[in-house]
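Trainee: My questions will all concern the structure given below.
The values are calculated or read from the model by the stated rules, or taken from the named source; none is laboratory data. This one's a predicted model, so the numbers in the text were calculated from it and none came from an experiment. In this analysis, Cβ positions are derived from the backbone assuming ideal geometry, glycine residues included, and neighbour counts consider all displayed protein chains.
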Amino acid sequence: MKALPILAFGVAALFANLVGRGNAATSATTTIDQAAVPTETAPAHADDCQGGAEERVSVKLEPDELLRGRAGERLGIGVHVHAHFEDPASLVGAVEIIDDRGRRLGATQNLDVRRVAAKQATSYRVETPDGLRDGYYRVQVSVLARAGGAEAIEELSTHELYFNVAQGAITPVTHEEWMTKSQAGLAFQVR
Amino acid sequence: MNKLISMSAVALAAAIFAPTAAHAASGTIKGTWVNYQNQGNYCDPAGRNCTGSRYLKSEYNVLHPISDTKVYVKDQNGAVIGTGVTDANGAFSIVWNRASTPSFVRVYWQFEHKDDRFKIRADGGGVLAKWTWEIAVTNGGVTNVGTIAAGNASAISGLANIYDGADRMWNDSLRFSGLMLSRFTGLTIRAYSDRCPTACANSGENMIWMPEGSQFRPQARILHEMGHIAAGKAAGARMDPGSYCYPSQFIPGEDEDCPNAATNGWSMTSTEWRGVALKEGMATVLGDIALYWNNAVDPRSCLSAGECPASSSTESSVACTGQVGRSAMQMVRYLWDHYDARVDGNDDIQKPYYVFVDTLNAIPSGTSWGQLSSYSNGSGGVDSWDSFHSWEWRNAVLNHWSGATETEDIYFQNCMGVF
């Protein structure tokens, strides 16, 4: 086993600044909330927008270790799911290993059905099979989260992580390498 | 003598035809590009009134034309020997020219709009592509390669889905504005980028950064970010100080310096500075219009790879409690009532789509109230963290739009609160 550098794959919405605080004021007032207005300097960041809307469920795929199997290496991957709902949420999910031509390898693995408290996170761990032939592969994780009662809120997200196998050795790769060095760019003929 | 004339004629003929020797072989390639549509935010008639929806469940998880995009024919060495574009059905017909007949060609799709409105590139700027198998061609021949799929049900292309979202935004929304026809061009979308965890845009750089995970959530990602680009190009200047840290949510010791902090996030229902709510609401509505006509019965706006839930309806009545005039969702509902043709309450305005960008373009520059940089004190500081806010917007529509459109009723109907 050898440690992998932590690679920043996936949607890594960082909610650290929001944890522990409400997203909405609960005051029943109909007048605008007149906050104290400090006269300070505007931040000098250039983007038109600080970022898109935050996810109610953030999913991060993080390759964390390489495991030596009898037929080569396996990649251990942490699947970190953070539900940001105001209510407890139920999580279901699926994991697939797919090669660069879209072929599924093995059966789809289900993530354990879990219920998490409001604004809480949970982690799963999955491993790629050993004995993969040389080539490029992706791990595809789909997570469906549902919160609330009669008016349930659902959020579905799909995330991917790419890796290369060469003589049994596994290396995580970027999406750009996936698109330019694998056969993922090769189109399909519709017959 | 005759022989000399004959030889001269041969030499002359050789000289005349010599330039064409560089294109001694040519032919035509025909085909159709399609993609496996996997974007969320469709409308499912099975459980919802989809009147006025432009993206139905029947278009989801099926092959869909890749329309209005550039296509290249390359020889066995990778050299471009022909270019063309697809039509609305994804079909193309391209003449290739080469010094000799290539041993084979491939057809490439590089995620580029036919009129250079936008293109998708790698995070580092490199060209990304889909390409065909080896295609045998003949000099003077017409080769029909049939239907080419950029992705299918087992190999879904995230890039192709981002492209489709961008094409919808252009084709079903932005191109209906004369101002956007003039200004919205050359946008680069950096896909699978690490720059912003939730996607971001910069109209000055004319660029959008899309992270992994955003490819199947069009409304809150590619449509929304292109909405920011459109608004930025229309206004021509920043309209708020850029703080996403509203004091009521600030926790000393946990959050960054507030309100200077730009790094706190937002959601459709979070409490924000009013200018931020306007900005994010505006970008969202510009994108929503790509998915809904103005007669939509149940338009919704959400962040999901599936269908939007009922709670994300942009036509719902709003209870005027809680954060008043400070959430993006309230702004979306206020702005949607500018545009929609359905009368619910006092929203019988029905302005054309371009009221949004044309009004932004008409707002005068300056730092006074009602001007583009009204948040600024004129010397690099901020004297109104809430500006440019929704009441300034209401006045801009009233002052600058022909017919002096009054949106005061829908302003209060959607809980914009105070002036």
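Trainee: Any idea which of B:265, B:227 is within 11 Å of chain A (Cβ to nearest Cβ), outside any loop (DSSP other than H, G, I, E, B) and either modelled with pLDDT under 90 or more than 28 Å from residue B:378 (Cβ to Cβ) (or both)?
Mentor: Exactly one of B:265, B:227 is within 11 Å of chain A (Cβ to nearest Cβ), outside any loop (DSSP other than H, G, I, E, B) and either modelled with pLDDT under 90 or more than 28 Å from residue B:378 (Cβ to Cβ) (or both), namely B:227.
Trainee: Go over the candidates B:337, B:348, B:358, B:344 one by one and state the one that is acidic (Asp, Glu), within 30 Å of residue B:51 (Cα to Cα) and buried (at least 21 other Cβ atoms within 10 Å of the Cβ).
Mentor: From the options B:337, B:348, B:358, B:344, the qualifying one is B:337.
Trainee: Consider residue B:122 against the criteria (1) surrounded by 20 or more Cβ atoms within 10 Å (Cβ to Cβ); (2) at the interface with another protein chain (Cβ under 7 Å from one of its Cβ atoms): it satisfies all of them except one. Which criterion is unmet?
Mentor: Residue B:122 satisfies all of (1) surrounded by 20 or more Cβ atoms within 10 Å (Cβ to Cβ); (2) at the interface with another protein chain (Cβ under 7 Å from one of its Cβ atoms) except (1).
Trainee: Turning to a different aspect of this structure: State the number of residues belonging to the range A:70-118 that are among the basic types (Lys, Arg) and within 13 Å of chain B (Cβ to nearest Cβ).
Mentor: Summing the residues that are among the basic types (Lys, Arg) and within 13 Å of chain B (Cβ to nearest Cβ) in the range A:70-118 gives 3.
Trainee: Select from the range A:144-171 the residues that are assigned to a strand (DSSP E or B), touching a residue at least 24 places away in the same chain (Cβ under 8 Å) and either among the hydroxyl-bearing types (Ser, Thr, Tyr) or farther than 23 Å from residue A:81 by Cβ (or both) and list them in ascending order.
Mentor: Those that are assigned to a strand (DSSP E or B), touching a residue at least 24 places away in the same chain (Cβ under 8 Å) and either among the hydroxyl-bearing types (Ser, Thr, Tyr) or farther than 23 Å from residue A:81 by Cβ (or both): A:157, A:162, A:164, A:165, A:166, A:169, A:170.
Trainee: Right, next: Just checking, how many residues over the range B:190-224 are at the interface with chain A (Cβ under 8 Å from one of its Cβ atoms) and within 21 Å of residue B:365 (Cβ to Cβ)?
Mentor: Final tally of qualifying residues: 4.
Trainee: Take the residues of the range B:321-354 that are within 14 Å of another protein chain (Cβ to nearest Cβ) and of a type in the set (A, V, I, L, M, F, W, C): which is nearest to residue B:290 (Cα to Cα)?
Mentor: Looking at residues that are within 14 Å of another protein chain (Cβ to nearest Cβ) and of a type in the set (A, V, I, L, M, F, W, C), I get B:332.
Trainee: Do you know which residues across the range B:94-119 are in a strand (DSSP E or B), more than 12 Å from residue B:33 (Cβ to Cβ) and either touching an Asp or Glu at 6+ places or on another chain (Cβ under 9 Å) or within 14 Å of another protein chain (Cβ to nearest Cβ) (or both)?
Mentor: Answer for the range B:94-119, where residues must be in a strand (DSSP E or B), more than 12 Å from residue B:33 (Cβ to Cβ) and either touching an Asp or Glu at 6+ places or on another chain (Cβ under 9 Å) or within 14 Å of another protein chain (Cβ to nearest Cβ) (or both): B:96, B:98, B:105, B:106, B:113, B:118, B:119.
Trainee: Any chance the range B:330-347 includes a residue that's at pLDDT 90 or above and within 24 Å of residue B:213 (Cβ to Cβ)?
Mentor: yes
Trainee: So for the range B:182-197 (the condition being crowded, with 24+ Cβ neighbours inside 10 Å and modelled with pLDDT under 95), does at least one residue qualify?
Mentor: Yes, there is a match, as at least one residue in the range B:182-197 is crowded, with 24+ Cβ neighbours inside 10 Å and modelled with pLDDT under 95.
Trainee: State all residues of the range B:262-288 that are surrounded by fewer than 24 Cβ atoms within 10 Å (Cβ to Cβ) and over 25 Å from residue B:374 (Cβ atoms); if no residue qualifies, say none.
Mentor: B:267, B:269
Trainee: Determine which single condition residue A:117 fails, assuming it passes every other condition in (1) surrounded by 14 or more Cβ atoms within 10 Å (Cβ to Cβ); (2) farther than 20 Å from residue A:167 by Cα; (3) of a type outside the set (Asp, Glu).
Mentor: If we test residue A:117 against (1) surrounded by 14 or more Cβ atoms within 10 Å (Cβ to Cβ); (2) farther than 20 Å from residue A:167 by Cα; (3) of a type outside the set (Asp, Glu), just (1) comes out false.
Trainee: Continuing with this model, one more query. Does at least one position in the range B:147-166 carry a residue that is within 30 Å of residue A:60 (Cα to Cα), outside any strand (DSSP E or B) and more than 14 Å from chain A (Cβ to nearest Cβ)?
Mentor: Scanning the range B:147-166 turns up at least one residue that is within 30 Å of residue A:60 (Cα to Cα), outside any strand (DSSP E or B) and more than 14 Å from chain A (Cβ to nearest Cβ).
Trainee: Can you tell me which of A:122, A:174, A:128 is farther than 16 Å from residue B:212 by Cβ and modelled with pLDDT of 95 or more?
Mentor: A:122
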